[in-house]
Structures are given as structure tokens and as C-alpha cells.
Amino acid sequence: MVLLTRVSKLYPRRRSAALEDVSLHVPPGQFVYLTGPSGAGKTTLLRLLFAAEAPTSGQLRVGGAELGRLSPRQVPTLRRKVGVIFQDFKLIERRSVFENVALTLRVAGSQGNGLTERVRQVLRQVDLEDKAQVAAGTLSGGEQQRVAVARALVGRPPLLLADEPTGNLDPLAATEVMRLLVEAHAAGATVLVATHDPKILTLVRGARLVRLEAGRLTEEP
């Protein structure tokens, strides 16, 4: 599902590499915690995986596609296969919960009754069906994160990337978000969760643990 081969990422005016010689293979169906302190390179790695940035060197493959060979027109096709959950939600605050979730399907070309039913289905899954017509910006932090999870899940992507998905949440809301990710994994998705919160590392039995430290990757036994 995911293959990085000797990937490095350098930014102008930064003395050290954000990522340095990182190699990682994530087979389909794994649940992976990507840990490490703030600034270790976790967000950079995830951004590379959905083609928000390009590596300075090395090779990335996601779902069989070599990202370095994708044309700009091919990037949206890749992103339909990747659900992304951001720490700061990135919702359109003035639009309804329904519209925030539906936008993923509209961009992919879906419309009509099929779109409506799928959005309602995923809102039931995250227990927000009663908030479908509420403006997303009026919700609590935990509810907004569940909207973000629903948006990532609605297209049934085979790969889910979550960047500090519980970082701004209280323990109860954090547990609920992790439950949704576990359910997606049980349904067949490959899941990568970047976190520096040790409290959530025990919530997924059998999860793989890899660690980034100053841009370099090590794997926990």
C-alpha cells in the first residue's frame, strides 16, 4: 500500500532535513502508529503520501502509483484513494456538516440519491446525523473532528492518514475518534496515525509502531 525508499525532504533556510533517508513499507491492511516529538517530521511524511509536497530525493509509492511520476492531472485521482484527517479539522465552517462531508464525493463526480444516502450513512456512523444541517463551525472540537473523520471515510478510501487526530481533544472525544479509525481498519483500510500522545498508543491491539526522531525513522520491537 505504502512504500518509501530512501526518502529525504529538505526545506530552504532550514539547516537540518525534515526527513532523512527514510525507508518504510506498509502492506495493505496494517494499522501503523507514527510516533515522535513535535518537529520530528511526522506531518511532512504524511503530506508526502497524499502529494501535498514532493520529496527532495527518494521514491514514494502509494497504492501502486509512483508519486514522482504523477502529472498534476493525476494527483486528484490519487487523493480519491486517500482519506486525510487533519489536527485542525480544515472544515468549511460556514457550510453545514452535510456539505462538508458531501464535498469529497462531489469532487469525485458523485451526485443525486447515491451521494445523499452515503453521506447520511457515514454521519450515522460518527453519530452526527442529527447535526447534518448545522454549520460545522458551531460544533464542539470533538464534533468537528468527527466531521473530519466522516469526510475522510465517505469515499471508502483504502488508505487513511491521520495527523495528530486527537491532539486538540479531551480524553473521551479522543477515544471516540480512535474507535472510528479502528472500525475503518477492521473494514479493510490501511491506517497511518501520526501522534506524539502516548496515551492513545495502547488503544489499538496489534498496531505497528514506528518512530521518527529528527527526520530519521526507527521501528519499535
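Please treat every number below as a calculation from the coordinates, not as lab data. Note that this is a predicted model, so its numbers are computed, not measured. Cβ sites come from the backbone with ideal geometry, for glycine too, and all protein chains shown count toward neighbours.
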Open item on the list: Shape verdict for the range 3-130, please, from the Cα gyration tensor: rounded (a/c under 1.5), prolate (a/b greater than b/c) or oblate.
Closed with: prolate
Open item on the list: Please give the charge dipole size of the range 60-212, origin at the Cα centre, charges +1 on K and R Cβ atoms and -1 on D and E Cβ atoms. Round to the nearest 20 debye.
Closed with: 680 debye
TODO: First check a/c for the range 58-177, with a ≥ b ≥ c the square roots of the eigenvalues of its C-alpha gyration tensor; if it is under 1.5, answer rounded, and if not, answer prolate when a/b is larger than b/c or oblate otherwise.
DONE: oblate
Open item on the list: Cut-off is 10 Å between beta-carbons; in what order do I92, I85 appear when sorted fewest neighbours first?
Closed with: I92, I85
Open item on the list: Between R15 and A54, how high is the FRET efficiency from 1/(1 + (r/R0)^6) when r is the Cβ-Cβ distance and R₀ = 25 Å? Nearest 0.05.
Closed with: 0.75
Task: Cα gyration tensor, the range 131-221 - rounded (a/c under 1.5), prolate or oblate - done: prolate
Open item on the list: What translational diffusion coefficient, to the nearest whole µm²/s, does the range 91-155 have by Stokes-Einstein, given a Kirkwood radius computed over alpha-carbon pairs, a temperature of 10 °C and 1.306 mPa s viscosity?
Closed with: 141 µm²/s
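Tally Lys/Arg at +1 and Asp/Glu at -1 over every other residue whose Cβ is under 10 Å from the Cβ of V107; what's the total?
Summing Lys/Arg as +1 and Asp/Glu as -1 gives +3.
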TODO: For a footprinting-style exposure proxy, rank L19, L201 by other Cβ within 10 Å, fewest first.
DONE: L201, L19
Task: Subset of K90/K131; K42/K199; K42/K81; K42/K90 violating a 22 Å alpha-carbon distance limit - done: none
TODO: Report, in debye and to the nearest 20, how large the dipole of the range 23-132 comes out about its Cα centre when Lys and Arg carry +1 and Asp and Glu carry -1 on their Cβ.
DONE: 300 debye
- [ ] Compare the Cα positions of G114, S96, A136 along the charge dipole of the range 91-155 (+1 at Cβ of Lys, Arg; -1 at Cβ of Asp, Glu; about the Cα centre) and return the one farthest towards the positive end.
- [x] G114
Task: Over the chain: helical MRE at 222 nm, DSSP H runs n ≥ 4 each giving -39500 (n - 2.57), nearest 500 - done: -9000 deg cm²/dmol
Task: Farthest positive-ward along the chain dipole, Cα basis, beta-carbon charges - from L217, Q30, M1 - done: M1
